[in-house]
Amino acid sequence: MKVTKLGIGIYKVVDNQGTWIAKGPNCNEGGYWNAYDCDNEDDCCTDNNWGNSFKTFKELKKFSQSF
């Protein structure tokens, strides 16, 4: 898993499942981490949101490796 910081609370993750964007509490309502199936932060939307929220980035990364 390769994690690249794009900004405050925004990370691009490349793993064996593909590329996705993680956005943290400063970027989302409710203060949770969310993930999006896209290669670019500007492409994040409700259509490619994973539909799960996590309290920490660590929990999100663990979930990403479960499928």
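Data table
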read-out	value
Per-region count, region 1-51, residues farther than 17 Å from residue 63 by Cβ, surrounded by 13 or more Cβ atoms within 10 Å (Cβ to Cβ) and of a type in the set (Gly, Ala, Ser)	1
Strands (runs of 3 or more DSSP E) contained entirely in the chain, each with at least 3 residues that are without any contact (Cβ under 8 Å) to a residue 60 or more places away in the chain and of a type in the set (Val, Ile, Thr)	10-15
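Values in this text are rule-based calculations from the coordinates and carry no lab data. None of these values were measured; they are calculated from a predicted model. Neighbour counts run over all protein chains shown; Cβ positions are idealised from the backbone, glycine included.
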